[in-house]
Amino acid sequence: MIYFAVIDTNVLISGMLKRPSIPNDIIKKCLADNIIPLFNEKIIAEYREVTARPKFHFPISEVQTLLNSIIHRGIWQNPEPTYENLPDPKDLVFYETLLAARKKFPAYLVTGNLKHFPATDFIVSPHTMFDLSNTNNEKSE
C-alpha cells in the first residue's frame, strides 16, 4: 500500500542525525519505498534552512541529494490557508499542506511534535507511520 505524507522537519533532522532509527527508516521509505512525500516551496525552504545550521555539520552534497530525491519522488502540494492557531507558527505550512492534500487522497503528517498539532488520527509519530506502512505491506504480500 502507498502512503502520502508530509514529513515534519524534526523527523528529517532526526533521521539524518541518527542511523539506524525509526525517523531514518521513514526517510528511506520516502525515497524508495511506500511513502510518497508531500512538499511545497515553503517546506523545502525550511528543510534547506534547518539542515544548513552549523550545529548539524551535514555535508552540503548529502543535503542536496536528499532534497533532490524528495522533490523527484514526492508530490508538490500547495497549502491552503486554515488560519489555525498552532503553538509554533512555522508548523502551519505543514498542517495546511496536509489538509489540502487530504481533499484529494488520504495523507498523513509525520512529526515528533504531536502536541504542536490538533489531535487527529492522520497526524502521527514516526513510530506510528513506520508500523502502519509495514503492517499493511506485510498484509498485501
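The values are calculated or read from the model by the stated rules, or taken from the named source; none is laboratory data. Note that the structure is predicted; figures quoted are calculated from it, not measured. Because the Cβ atoms are built from the backbone with ideal geometry, glycine has one as well, and the counts that use them run over all protein chains shown. Note: accessible area is taken over every heavy atom of the protein model, side chains too, but ligands, DNA and RNA are not part of it. Shrake-Rupley method; radii C 1.70, N 1.55, O 1.52, S 1.80 Å.
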Among residues of segment 70-89 being assigned to a helix (DSSP H, G or I) and more than 14 Å from residue 6 (Cα to Cα), the residue modelled with the lowest pLDDT is 89
In segment 1-66, which helices (runs of 4 or more DSSP H) lie fully inside it and hold 3 or more residues that are at positive phi, touching a residue at least 60 places away in the same chain (Cβ under 8 Å) and loosely packed, with under 15 Cβ neighbours inside 10 Å?
-> none
Report yes if some residue within segment 126-135 is loosely packed, with under 15 Cβ neighbours inside 10 Å and among the hydrophobic types (A, V, I, L, M, F, W, C); otherwise report no.
-> no
Looking at this structure, is residue 104 surrounded by fewer than 20 Cβ atoms within 10 Å (Cβ to Cβ) and part of a helix (DSSP H, G or I)?
-> no
Report, by residue number, each residue of segment 107-133 that is assigned to a helix (DSSP H, G or I), over 23 Å from residue 31 (Cβ atoms) and in contact (Cβ under 8 Å) with a residue 12 or more places away in the chain.
-> 115, 116
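Matching residues to (1) among the aliphatic types (A, V, I, L, M); (2) touching a Ser or Thr at 6+ places or on another chain (Cβ under 8 Å); (3) under 17 Å from residue 124 (Cα atoms):
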residue	(1), (2), (3)
23	no, yes, yes
35	yes, yes, yes
47	no, yes, no
53	no, no, no
56	no, no, no
59	no, no, no
63	yes, yes, no
93	yes, no, yes
Failed condition for residue 95, given (1) of a type in the set (Ser, Thr, Tyr); (2) touching a helix residue (DSSP H, G or I) at 6+ places or on another chain (Cβ under 8 Å); (3) open to solvent by less than 40 Å² (accessible area, probe 1.4 Å) | (2)
Identify all residues within segment 109-124 that are over 10 Å from the mean Cα position of the chain (by Cα), open to solvent by less than 40 Å² (accessible area, probe 1.4 Å) and closer than 15 Å to residue 87 by Cβ; write none if there are none.
-> 117, 118, 123
